[in-house]
Amino acid sequence: MNFKVFIDTNVFLDSYLERDNGVAKSLFDFLENSNTEIYLNDISIINIAYIIRKKFSKDEIKEKINLMTNQYHIVCASERIIIDANNSNFKDFEDSVQYFCAKGIEADLIITNNKKDFTFSEIEVLSPVEFGLLYLD
């Protein structure tokens, strides 16, 4: 498998906060050991660091940010992406930004726990569980 996979913020949070019985962790383990290019956007890193700050120390958060910036590709939310996201039919602005970041890098797949928020996606969208059923068996 040689995919460009864009990972939504919520999947990282599930992995770091252990709130999905290890599904996201298994997903990352698989993707990191395959021919998959993993992408996330810069805003995700900011949101992740903010949300996990109650569970992790500053040094642990720095380690997680270093992991994300060293192992994954970061897509910056440009002015064009913000404009496109704002003018799109997506209900959720943050998800719209994620989508246009994924579209900008011509992602093959978006993995998210909020599939319903990606109704207008031209890119295939799977949940971590759906991905696991298709590729981890």
- Item | Local electrostatic count at residue 112 - Lys and Arg +1, Asp and Glu -1, tallied over other residues with Cβ under 9 Å | -2
- Task: Answer with a single label: of (i) 8.0; (ii) 10.9; (iii) 7.4, which was calculated as mean projected area of the Cα convex hull in nm² from the structure in view?
- Result: (i)
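Cβ under 13 Å from residue 66's Cβ, residue 66 left aside: what net charge do those residues give with Lys, Arg +1 and Asp, Glu -1?
Here the count lands on 0.
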- With each run of n ≥ 4 DSSP H residues scored as -39500 (n - 2.57), what mean residue ellipticity at 222 nm is computed for the chain after dividing by its residue count and rounding to the nearest 500 deg cm²/dmol? -15500 deg cm²/dmol
- Query: From the backbone phi of region 103-119, what are the Karplus-calculated ³J(HN,Hα) couplings (6.51 cos²θ - 1.76 cosθ + 1.60, θ = phi - 60°) in whole Hz, Gly and Pro given as x?
  - Reply: 5, x, 9, 6, 4, 7, 7, 10, 10, 8, 9, 10, 4, 4, 7, 10, 4
- Calc'd 3J(HN,Hα), region 127-132, phi into Karplus 6.51 cos²θ - 1.76 cosθ + 1.60 (θ = phi - 60°), Hz, glycine/Pro = x, comes to 7, x, 5, 4, 4, x
- Query: lysines near residue 54 by alpha-carbon distance under 17 Å, same-chain residues fewer than 8 away left out - which ones?
  - Reply: 62, 64
- Can you run phi through the Karplus equation (6.51, -1.76, 1.60; θ = phi - 60°) for region 55-65 and list ³J(HN,Hα) in whole Hz, with x for Gly and Pro? 9, 10, 6, 4, 5, 5, 5, 4, 4, 5, 5
- Taking Lys and Arg as +1 and Asp and Glu as -1, residues besides residue 22 with C-beta under 14 Å from its C-beta add up to -2
- Task: Subtracting the Cα-Cα distance from 0.36 nm times the residue separation, let me have the gained length for residue 136 to residue 67 in nm, one decimal.
- Result: 22.5 nm
- Sites residue 87 and residue 115, calculated FRET efficiency, Cβ-Cβ separation with R0 30 Å, nearest 0.05: 0.85
- Nearest-20 debye value, the chain charge dipole, Cβ charges on Lys, Arg, Asp, Glu: 460 debye
- Item | Under 5 Å, built H, 5+ apart or other chain: amide partners of residue 125 | 110
- So, with points 7 Å from each Cα along the Cβ direction, the residue 53-residue 105 label distance in nm works out to 2.5 nm
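Coordinate-derived values only; no laboratory data. It should be emphasised that the depicted structure is a prediction, and the values quoted were computed from it without experimental measurement. Please note: Cβ atoms are built from the backbone with ideal geometry, for glycine as well, and neighbour counts cover all protein chains shown.
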